[in-house]
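Every number here is computed from the coordinates shown, using simple stated rules; none is lab data. Please read these numbers as outputs of a predicted model, since none were measured by experiment. Cβ coordinates were reconstructed from backbone atoms using ideal geometry, including for glycine residues, and neighbour counts include every protein chain displayed.
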Amino acid sequence: MDPLRGEVWDAPVRGAGEHPFVILAVNSMIVRLGSVTAALVTGTAGPSETHVPLGNEVGLTEYDESYVNATDLYTIPKPKFRRRRGRLHPAEMARLEDAVRIYLGL
């Protein structure tokens with residue numbers, strides 16, 4: 001099962017163990033590629049322009065509060081995604097898209 005845009009999946013980070021990620025790649029490309037771009041989820045609040053707070057309904061339990069960090073982007077082979085946790089609310093995904101655009105100057 002391929003991950004889908006806006007879903008939260010666990011994947012390994014070299015030297016840091018498993019972490020949750022939000023899938024950023026568009027679905028039409030995910031099915032054709034071996035790796036996808038994803039943003040790391042953290043328990044550390046950062047600048048509101050780049051750190052999007054996530055609600056509990058996405059299945060995150062490690063931190064009291066979780067944030068997806070638009071400045072911490074990874075390209076991860078699809079087989080590395082181990083567990084699906086949930087999916088971002090459309091409003092959360094829209095905020096993440098804005099944050100990535102700000103970070104990358106798009």
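For the reader, a short list of remarks on this structure follows.
- Charge-dipole axis of the stretch 7-104 as Lys and Arg at +1 and Asp and Glu at -1 on Cβ define it, positive-most pick from S66, A16, N56: A16
- Selected from G34, L106, M93, residue furthest toward positive end of dipole (the chain; charges at beta carbon): G34
- When Rg and Dmax are taken over the Cα atoms of the chain, they come to 12.6, 36 Å.
- The charge dipole of the stretch 1-104, taken about its Cα centre with unit charges on the Cβ of Lys, Arg, Asp and Glu (plus for the first two, minus for the last two), comes to roughly 540 debye.
- Where only DSSP H runs of four or more residues are counted, the chain gives -5000 deg cm²/dmol as its mean residue ellipticity at 222 nm, each run worth -39500 (n - 2.57).
- Packing-based ranking of 73-79, 13-19, 96-102 yields 96-102, 73-79, 13-19, ordered from highest to lowest mean Cβ neighbour count within 10 Å.
- Net charge contributed by nearby residues that have their C-beta within less than 10 Å of V52 (K/R +1, D/E -1): -3
- For the stretch 7-104: relative contact order, % (alpha-carbon pairs under 8 angstrom, 6 or more apart): 33 percent
- Local electrostatic count at N27 - Lys and Arg +1, Asp and Glu -1, tallied over other residues with Cβ under 15 Å: +2
- Summing charges over all other residues whose Cβ lies under 14 Å from the Cβ of L96, with Lys and Arg as +1 and Asp and Glu as -1, gives -2.
- Label point distance in nm, R83-L106, each placed 7 Å from Cα along Cα→Cβ: 3.0 nm
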